[in-house]
Amino acid sequence: MAEQVDCVVVGAGVVGLAVARALALRGREVLVLEAAHTFGTGTSARNSEVIHAGLYYPQGSLKARLCVQGRELLYAYCAERAIPHQRCGKLVVATADAQRESLRAVQAHALGNGVALQWLERDEARALEPALECVAALHSPDTGIVDSHALMLGLLADVEQAGGMLAVNSAVALMECAQDAINVIANDGTCLQAATVVNAAGLAAPALARSTRGLDAVHVPQPRYAKGNYFTLAGRAPFSHLIYPVPEAAGLGVHLTLDLGGQARFGPDVQWVDAPDDLAVDPERGQAFYAEVRKYWPGLRDGALEPGYAGIRPKVFDAQGAAIADFVVQGPAVHGVPGLVNLFGIESPGLTSALALGAYAARILA
């Protein structure tokens, strides 16, 4: 006999825990299933820990809306729960006059997303960061950093306080869509009969959806794995803000982020890989970082970059092979399966958007 449960959330990363919290606070009985030995060991543990302001995302997209909403929810939540964080701000820098137009375009786009940025000429930017080299910059005061592990501990505490549970070492093999329930079958054969299921399995979300009997595969995007390598700085950086170059077609460039201890790291770059467990950092990739970083920090000395860590972005593509630029949040109105929500492509700004994403998913299931 299958054990009956109200809500199952598959995946205990920051977004899965935020969804579970939102459901539990609405009075739902929630069980979170996590394949690993503890929560938050995947994408949630291998990122820049940046609280994004919402500058770059397509206007009107879920990324743009949920980032701006989630940013303010996250700052308030961290302040209320004494979760370590810092609203340190960010500078987006143009290092050549030819980039001024691109910088103006970033400012205009951000304003369309409801994000105000301050234009700084070179001397104004260097007054904030004397080691910086640029011709102009945009100051984003609402960008920050957060201790992602402490955040997830807080979310899990809320879930448990509201009566929810986390089960680790509980990988899901497949799901079956029945008439009035969804059967969630674990690798060990255990079967749970759930009224509601949220697939927040991150990198594994498309595979789980594809193995869901009764869900039309046309709704499942194709995953690709975009590895991001980080290199850490030996010694302390002379910066108090995050430093980002002007975005290029390939991405946001090699940027400098800080942790709450002031340690600087550079990255991530983009390296397409075949498997989500390809997490080794090739020291040779660091050579390409020096020239890029020295465009805005000429003082970076040789040998100062050390291999740090790598993470995998959960990129998704449509049936025609085109990249899907937005979060994909599919509920019954899309795929026709009552009680099921699939979350695909929850890459950056997923951490910033987590609380807003959790509320959004819970509303779909209300």
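What to note about this one:
- So ALA310, is it buried (at least 21 other Cβ atoms within 10 Å of the Cβ), closer than 26 Å to ALA136 by Cα, touching a Lys or Arg at 6+ places or on another chain (Cβ under 9 Å) and in contact (Cβ under 8 Å) with a residue 24 or more places away in the chain: no
- The set of residues in the stretch 119-145 being in contact with a Gly (Cβ under 7 Å, 6 or more places away or on another chain) and over 25 Å from GLY70 (Cβ atoms) consists of ALA131 alone.
- Taking the stretch 88-99 as the range and being surrounded by 14 or more Cβ atoms within 10 Å (Cβ to Cβ) and either out of contact with any Cys (no Cβ under 7 Å at 6 or more places or on another chain) or under 13 Å from THR257 (Cβ atoms) (or both) as the test, the residues that pass are CYS88, GLY89, LYS90, LEU91, VAL92, GLN99.
- Every condition in (1) hydroxyl-bearing (Ser, Thr, Tyr); (2) surrounded by fewer than 23 Cβ atoms within 10 Å (Cβ to Cβ); (3) touching a Ser or Thr at 6+ places or on another chain (Cβ under 9 Å) holds for SER44 except the one numbered (2).
- Residues in the stretch 62-110 that are among the hydrophobic types (A, V, I, L, M, F, W, C) and not in a helix (DSSP H, G or I) were compared, and the one that is farthest from PRO349 (Cα to Cα) is ALA96.
- Restricted to the stretch 19-30, and to residues there that are surrounded by fewer than 22 Cβ atoms within 10 Å (Cβ to Cβ) and not charged (D, E, K, R), the residue that is farthest from ALA157 (Cα to Cα) is GLY27.
- Residue match in the stretch 23-31 (condition: outside the structural domain of ASP278 (by TED's automatic domain parsing), closer than 27 Å to ARG265 by Cα and not hydrophobic (A, V, I, L, M, F, W, C)): no
- Pick from the stretch 55-79, criterion under 21 Å from ILE312 (Cα atoms) and surrounded by 24 or more Cβ atoms within 10 Å (Cβ to Cβ), ranking: modelled with the lowest pLDDT: TYR57
- Matching residues in the stretch 141-160 - criterion: being touching a helix residue (DSSP H, G or I) at 6+ places or on another chain (Cβ under 8 Å) and more than 18 Å from ALA12 (Cβ to Cβ): ASP142, GLY144
- Here ALA116 clears all of (1) within 24 Å of ALA264 (Cα to Cα); (2) aliphatic (A, V, I, L, M); (3) surrounded by fewer than 20 Cβ atoms within 10 Å (Cβ to Cβ) except the condition numbered (1).
The values are calculated or read from the model by the stated rules, or taken from the named source; none is laboratory data. Here the structure is a predicted model, which is why all the values come from computation and not from measurement. Neighbour counts run over all protein chains shown; Cβ positions are idealised from the backbone, glycine included.
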